[in-house]
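The next block holds one structure in the form of structure tokens; read it before the comments.
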Amino acid sequence: MKKTMLFIAAAIIFALSPQITKAQAWERNTKVLAIGFGPSQFFHLDRYYYDRGPRGFRSFYWPLTGQFNFQGEFGVHKYVGLGFTTGIGGRGPYFNDYAGEINVPIGFLVNFHFYQLIADHASRDIKSDKLDIYAGLTVGSGLAFAFYPGLTRVVPIAFGGPHVGLRYYFAPRVGINGEFGFGRSIANVGFVFKI
């Protein structure tokens, strides 16, 4: 009986230990959804001006657009997450014959959460339960609806490139998110939610 009580007491102390029960901002089973806003830049391929323009006129362009972004990420490893990204954005006219666009990107992302790796090897608390710093790659495609005077064209878009990001959880399941990179998001600031 004495051994049983000692075992139960040890199990309770072990279970309630902050080192054991303290969750990190990113773990193997983490699932997050994020919404944000910021400038993006997608590769457009539109032969409209190539066919009309002077010889050698380029048929591609990278307009800077404002973008509402929605993304999800799901843990597949202690430090790695895979996910998706989409959104809607656009811009107004930026030269005489172009009246603007609305675009809808869809893509995939992979992130490496290196702050959690650092936290696992740190000898002191570095707030890894609230802070998540990561780097990753995004690749995708989509459509832009380009508006010309008297004409609307559907233009394919593509994007891809690296990004770095930071998430700070001010509540157990809600935080702020910032990403900076190239392609889908030059800068993206918003909120992140653990589900």
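Numbers below:
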read-out	value
Residue match in segment 95-111 (condition: closer than 30 Å to residue 23 by Cα and either open to solvent by 50 Å² or more (accessible area, probe 1.4 Å) or among the aromatic types (Phe, Trp, Tyr) (or both))	yes
Residue selected from segment 65-98 under the condition at pLDDT 95 or above and of a type in the set (Ser, Thr, Tyr), by the criterion nearest to residue 109 (Cα to Cα)	85
Only listed residue being at pLDDT below 90, farther than 24 Å from residue 186 by Cα and surrounded by fewer than 15 Cβ atoms within 10 Å (Cβ to Cβ), chosen from 153, 173	153
Number of positions in segment 67-125 that are in a helix (DSSP H, G or I), of a type outside the set (Ser, Thr, Tyr) and touching a strand residue (DSSP E or B) at 6+ places or on another chain (Cβ under 8 Å)	2
Test: residue in segment 132-145 that is in contact with an Asp or Glu (Cβ under 7 Å, 6 or more places away or on another chain), crowded, with 16+ Cβ neighbours inside 10 Å and in a strand (DSSP E or B)	yes
Hits in segment 22-64 - residues which are at pLDDT below 90 and among the polar types (S, T, N, Q)	24, 41, 59
Residue match in segment 181-191 (condition: part of a strand (DSSP E or B), under 23 Å from residue 87 (Cα atoms) and among the basic types (Lys, Arg))	no
Selection status of residue 190, within 11 Å of the chain's Cα centre (by Cα), buried (at least 17 other Cβ atoms within 10 Å of the Cβ) and small (Gly, Ala, Ser)	yes
Counted residues, segment 108-137 - those being among the basic types (Lys, Arg) and in contact (Cβ under 8 Å) with a residue 12 or more places away in the chain	1
In segment 99-125, the residues that are modelled with pLDDT under 90 and either small (Gly, Ala, Ser) or within 27 Å of residue 35 (Cβ to Cβ) (or both)	99, 100, 122, 123
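One line per residue, one yes/no per condition, for (1) aromatic (Phe, Trp, Tyr); (2) under 20 Å from the mean Cα position of the chain (by Cα):
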{"position": "90", "(1), (2)": "no, yes"}
{"position": "94", "(1), (2)": "yes, no"}
{"position": "108", "(1), (2)": "yes, yes"}
{"position": "146", "(1), (2)": "no, no"}
{"position": "151", "(1), (2)": "no, no"}
{"position": "162", "(1), (2)": "no, yes"}
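The values are calculated or read from the model by the stated rules, or taken from the named source; none is laboratory data. Everything quoted here is computed from the prediction, not taken from an experiment. In this analysis, Cβ positions are derived from the backbone assuming ideal geometry, glycine residues included, and neighbour counts consider all displayed protein chains. What goes into the accessible areas is simple: the full protein's heavy atoms, side chains included, and nothing from ligands, DNA or RNA. Shrake-Rupley method; radii C 1.70, N 1.55, O 1.52, S 1.80 Å.
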